[in-house]
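Student: Here's a structure for you.
Read-outs throughout are calculated quantities, based only on the coordinates presented, and are distinct from any laboratory measurement. What you see is a predicted model, and the numbers here were worked out from it, not measured in a lab. Don't worry about glycine lacking a Cβ; one is built from the backbone with ideal geometry, like all the others, and counts go over all protein chains shown.
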């Protein structure tokens, strides 16, 4: 069974008793809606002239068909095998990165994940122009050159949802501008994105005056409480670091204000910085590590989030400038 939206395609093989070979095409939405609604049990598919008849214990459903040859040929060539990943590899490499990719199609290169080889180090990056996630994995050789490829974030999201056991094989078909992942009986294929990915290394802070380390759940709890009032004020929360405490503050004119404090391990100067609440929430919900570090220089410069127990990952968020 194959499906495509012309940007991404998938094919899955399932066991079946084949009485007569053949192929056809039906409406993907209607067919999947019906299949998801059927009771468990055997299903029979039978092509009758220009229709396909689905029979199950729930009853009989008929679909109009389209000639099989009209289905786009997007899965004809796997291309060159690039690398074999384990399921853990895929999660470790992509899960902390994919949520950052932009959804704005006016800059297609930002809607993808940039995979680039730098000698024996693999960089996997995503950015939407306001934040950036990077997984930098030493001693990982995937690509043969340092040109890099941009893979659709939608394709990576589907890849992360696969539950197939065993290895996942990655191939690139350059002539067809496609990247393909094969996991057991499932194939996912998507178009490579053309464009120049931003110079992501330039936004990583090299010097910082303030560093704090905190517990993720405490941070999330304080953020939820204080940000109730941020919804009415451009979704902005101010973080003030002072004497081993981090104070969360948000105010809504005419509604109220919230101020919550948590204990942190502080190194360096007292400082403050403001962020869009969504960017903080997205980061904390997508990483699994319980402890996070935040380092920054001033309220107007990019802030660096790292994981003390995961040296391969870093996340940069641009602050929001606020007038007192």
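Student: Once you treat every alpha carbon in segment 14-70 as an equal point and sum by Debye, what is log10 I(q)/I(0) at q = 0.13, 0.15, 0.18, 0.20 Å⁻¹?
Tutor: For segment 14-70 at q = 0.13, 0.15, 0.18, 0.20 Å⁻¹, log10 I(q)/I(0) is -0.33, -0.44, -0.65, -0.81.
Student: How far apart, in nm, are the 7 Å Cα→Cβ label points at residue 157 and residue 285?
Tutor: 1.2 nm
Student: Let me ask something else about it. For residue 145 paired with residue 7, estimate the spin-label separation in nm (one decimal), with each label point 7 Å from Cα along the Cα-to-Cβ line.
Tutor: Result for the modelled spin labels: 2.7 nm.
Student: Let me ask something additional. In degrees between 0 and 90, to the nearest 10, how far off the longest principal axis of the chain does helix 277-286 point, with axes built from Cα atoms?
Tutor: 60 degrees
Student: Okay, next question. Output the peptides 308-320, 136-148 sorted from most to least packed, where packing is the average of other Cβ atoms within 10 Å over each peptide's residues.
Tutor: Working: 308-320: 17.5, 136-148: 12.4.
Ranked from most to least packed, the peptides come out as 308-320, 136-148.
Student: Output the Kirkwood hydrodynamic radius of segment 80-201, Cα pairs only, in Å rounded to one decimal. Please report the intermediate quantities before stating the final value.
Tutor: Working: mean 1/r = 0.0693 Å⁻¹.
14.4 Å is the Kirkwood radius here.
Student: Another question, if that's okay. Please report the projected area of the chain's Cα convex hull averaged over all directions, in nm².
Tutor: On the way: hull surface 85.1 nm².
Orientation-averaged projected area of the Cα hull: 21.3 nm².
Student: Another question, if that's okay. By average Cβ neighbour count within 10 Å, what is the ranking of 123-133, 73-83 from highest down? Let's see the in-between values first.
Tutor: Details: 123-133: 21.6, 73-83: 14.8.
Final packing ranking: 123-133, 73-83.
Student: Here is a further query. Bins of 5 Å, beginning at zero and ending with the bin holding the largest distance: percent of Cα pairs per bin for segment 111-155, please.
Tutor: Cα pair-distance distribution for segment 111-155, in percent: 6, 24, 28, 23, 13, 5, 0.
Student: Averaging the inverse of every distinct alpha carbon separation and then flipping it gives the Kirkwood radius. What is it for segment 174-268, in angstrom units?
Tutor: Working: mean 1/r = 0.0571 Å⁻¹.
When all Cα pairs of segment 174-268 are included, the Kirkwood radius is 17.5 Å.
Student: Let me ask something else. Give the distance, in whole Å, between the Cα centre of segment 97-124 and the Cα centre of segment 171-203.
Tutor: 10 Å
Student: For segment 154-197, take the convex hull of the Cα atoms, compute a quarter of its surface area, and give me that in nm², please.
Tutor: On the way: hull surface 14.1 nm².
Over every viewing direction, the Cα hull of segment 154-197 projects on average to 3.5 nm².
Student: Could you calculate, for segment 15-172, the ratio of the Cα radius of gyration to the Kirkwood radius, expressed as Rg to Rh?
Tutor: Details: Rg = 20.8 Å, Rh = 19.1 Å.
Using only Cα positions, Rg/Rh for segment 15-172 is 1.09.
Student: Would you mind getting me the FRET efficiency between residue 89 and residue 32? Use the beta-carbon distance for r and R0 = 30 Å, nearest 0.05. Don't skip to the end; give the middle numbers.
Tutor: On the way: r = 29 Å, r/R0 = 0.98.
Efficiency, rounded to the nearest 0.05: 0.55.
Student: Counting only C-alpha contacts under 8 Å and six or more residues apart, can you give the relative contact order of the chain as a whole percent?
Tutor: 14 percent
Student: Taking the Cα atoms only, what angle lies between the long axis of helix 28-37 and the longest principal axis of the chain, rounded to 10 degrees?
Tutor: Its long axis makes an angle of about 90 degrees.
Student: Continuing with the same structure: List the residues of segment 6-24 whose backbone N lies under 20 Å from a point placed 7 Å from the Cα of residue 49 along the Cα-to-Cβ direction.
Tutor: Of the residues in segment 6-24, 23-24 have backbone N under 20 Å from the label point off residue 49.
Student: List the pair-distance distribution P(r) of segment 204-317, using every Cα-Cα distance, as the percent of pairs falling in each 5 Å bin from 0 up to the bin containing the longest distance, rounded to whole percents.
Tutor: Distribution as computed: 2, 12, 23, 26, 22, 10, 3, 1, 0 percent.
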